[in-house]
Amino acid sequence: MSAPKPPDPRTYGHHIAGGRVDGPPLERRDPARGEVVARYAAGTTDDVNAAVGAAAAAFAAASWRRIPATARAELLEKLAELLERNADRLAALDSEEVGKPLRFARGDLALGIGHVRHAAALARTTKGDAYTGLAPGYTVLATREPAGVVGIITPWNFPALILLQKLPYAIAAGCTLVVKPSEFTSSSTLEIAALCEEAGFPPGVVNVVTGTGAAAGHPLVTHPLISYVSFTGSTRVGREVMRASADSLTRVGLELGGKAANVVFADADLDAAADAVVFGAFANQGESCVAGARLLVDAAIGDEFTAAVVSRAAALSVGMPDDPRSDIGALIHHGHRDGVHAAVLAGVENGGKVLAGGRPPHAPELAAGAFYEPTVIASVGRESPVFQREIFGPVLSVTTFGSEEEALALANGTAYGLAQSVWTTDLDRAFEMSRGLEAGTVWVNTTSDGSPALSFGGVKQSGFGREGGEEGLREFTEYKTVQFRGEPRVSPFRRPDEKP
Ligand code: NDP
């Protein structure tokens, strides 16, 4: 049985070297009811220095450096068990702080636990390369060494899941870490850090400093002992992180924004496609980097297919995150909700027609929350800001195309390249489109799909680096060659006639 969610408002300090370090409180109001639900500590450079110092000491300790990868796998398996036992409580925290329906927060936890188990399996099969034929008596072992002390910076939309797409792979690689979660959604990260120690991780291996990006994130990125930063967030802040890491030449992995399209051809299974377009656009209130925020539909079926999507969008239930009937919860805060509405108005100014939503819901019980109706805007041209900008809310634009070439040009016609979906029953077309789409992930006849085994990341302004799966583990390592000679090598300075 999961322990109950701590009573509101819950109060936390930073999590450093296994202990609690308090700081001035940062209040989090839940976005659905507007009540104070949590107080976290506002982190400073001093807190970051203390956390990085703890992680560096833990990394240097023989107890961690010498621990075999199979023992790290056991720690991760124990963590997975504890996460399963606490999944309901952790999901309730994320649901409340993000504003997302509880059942979806539970799904996030299940996927995150899958990552922990997969990382454990990868740790058990850690291997390198051996070069045995390069020259007589010359053998080279190539190994993957832990990157060292790593910084992990996460956004607010999937707090536990995005942490669990990074942390277990860092541990599998043998790193120690400092996490800076979003200032809006830090509770589950702090609770997971405590579970790491309950699982047996030595104190200092996992540390958390809460607070704002400017006060706690920036000093983490620029700290000289940090050897790799794994960042997930907006493209704007991703650029700042890359600039800030330039002086110390710290390696960074950037998982940034997206503007995915669902490209629907007339030969597709249109019922399944309409269901998926609506799920892809509106799941997690559209606050998802892989949200299928653009529908590109074959002009031959444009009106009929758009009508199917609009009726499904209008049938979604917007409601309280803890109400099991809710499909869509609240957006992260009122300022963000107002930004989403402004983006819809800009779309209308640019010729778009609102076919569903386009405003906050009227229901009086939702009046205090940052809610917004699932919105469909048709007749959206390629130059419209609704087509180009990541709105990160429940807004789907509709654009028609006349040919495969036009569909490809439209799909690739934004600065982003995270994910794309194609709907067709024509195999040749599916392959042709999947080759041409600029994205780290292409879905054919599916959307928002995945598995912990698959490495995920973007191209173009969606960033670089991969997380999850084998590629995700590699990000937390450095490649080292160890070269052996059976007979010591004769110095090239020595002349052939010279005696040793
Ligand atoms: P932000 O980029 O605003 O913030 C992300 C994290 O970075 C937060 O913890 C933030 O702190 C921190 N941060 C802010 N400024 C700095 C800085 N100067 N130095 C270091 N850290 C800093 O993103 P959001 O939290 O608003 O999340 C939404 C964005 O995340 C969207 O663009 C979305 O597409 C993207 N995202 C990408 C995913 C992917 O895998 N590609 C997955 C999920 C989301 P704080 O906010 O607490 O001040």
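What to note about this one:
- Of residues in the stretch 183-218 being in a helix (DSSP H, G or I) and within 15 Å of residue 97 (Cα to Cα), the one farthest from the ligand (Cβ to nearest atom): 191
- Residues located in the stretch 342-362, provided they are assigned to a loop (DSSP other than H, G, I, E, B) and touching a residue at least 12 places away in the same chain (Cβ under 8 Å): 350, 351, 352, 357, 358, 359, 360, 361
- Filtered residue count, the stretch 11-46, keeping only those that are farther than 17 Å from residue 156 by Cβ and touching a helix residue (DSSP H, G or I) at 6+ places or on another chain (Cβ under 7 Å): 9
Table: residues versus (1) touching a residue at least 40 places away in the same chain (Cβ under 8 Å); (2) crowded, with 21+ Cβ neighbours inside 10 Å; (3) under 26 Å from the mean Cα position of the chain (by Cα); (4) not in a strand (DSSP E or B).
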| site | (1), (2), (3), (4) |
| --- | --- |
| 20 | no, no, no, no |
| 23 | yes, no, no, yes |
| 26 | yes, no, yes, no |
| 31 | yes, yes, yes, yes |
| 40 | yes, yes, yes, no |
| 43 | yes, yes, yes, yes |
| 52 | yes, yes, yes, yes |
| 67 | yes, no, no, yes |
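- All helices (runs of 4 or more DSSP H) inside the stretch 398-480 with 2 or more residues being within 16 Å of the ligand (Cβ to nearest atom): 469-474
- Subset of the stretch 100-148 (residues that are closer than 25 Å to residue 251 by Cβ and within 16 Å of the ligand (Cβ to nearest atom)): 112, 115
- Here residue 226 passes the criteria (1) of a type outside the set (Asp, Glu); (2) more than 10 Å from the ligand (Cβ to nearest atom); (3) open to solvent by 10 Å² or more (accessible area, probe 1.4 Å) except the one numbered (3).
- Top-ranked residue in the stretch 131-144 [being out of contact with any Ser or Thr (no Cβ under 6 Å at 6 or more places or on another chain) and open to solvent by 60 Å² or more (accessible area, probe 1.4 Å); ranked as farthest from residue 53 (Cα to Cα)]: 136
- The strands (runs of 3 or more DSSP E) located wholly in the stretch 246-299 that include 2 or more residues which are charged (D, E, K, R) occupy 251-255, 294-298.
- Among the residues making up the stretch 84-100, those that are closer than 30 Å to residue 392 by Cβ and surrounded by fewer than 24 Cβ atoms within 10 Å (Cβ to Cβ) are 86, 87, 88, 89, 92.
- The numbered conditions (1) under 27 Å from the mean Cα position of the chain (by Cα); (2) open to solvent by less than 10 Å² (accessible area, probe 1.4 Å) are all true for residue 347 except (1).
- Cross-chain or 6+ apart pairs with Cβ under 8 Å, the stretch 119-135 first and under 11 Å from residue 74 (Cα atoms), then modelled with pLDDT of 95 or more and of a type in the set (Val, Ile, Thr): 119/171; 123/70; 123/171; 124/70
- With respect to the conditions (1) closer than 16 Å to residue 30 by Cα; (2) part of a loop (DSSP other than H, G, I, E, B), residue 337 falls short on a single one, namely (2).
- Residue match in the stretch 229-243 (condition: in contact with a strand residue (DSSP E or B) (Cβ under 9 Å, 6 or more places away or on another chain), part of a loop (DSSP other than H, G, I, E, B), more than 9 Å from the ligand (Cβ to nearest atom) and on the phi < 0 side of the Ramachandran plot): no
- For the stretch 437-460, the count of residues that are farther than 18 Å from residue 290 by Cα, outside the structural domain of residue 351 (by TED's automatic domain parsing), out of contact with any Phe, Trp or Tyr (no Cβ under 7 Å at 6 or more places or on another chain) and of a type in the set (S, T, N, Q) is zero.
- Members of the stretch 331-375 found to be closer than 24 Å to residue 462 by Cα and aliphatic (A, V, I, L, M), listed by number: 331, 332, 340, 342, 343, 344, 346
The values are calculated or read from the model by the stated rules, or taken from the named source; none is laboratory data. What you see is a predicted model, and the numbers here were worked out from it, not measured in a lab. Cβ sites come from the backbone with ideal geometry, for glycine too, and all protein chains shown count toward neighbours. Keep in mind that these areas ignore ligands, DNA and RNA; they rest on the heavy atoms of the full protein, side chains included. Shrake-Rupley method; radii C 1.70, N 1.55, O 1.52, S 1.80 Å.
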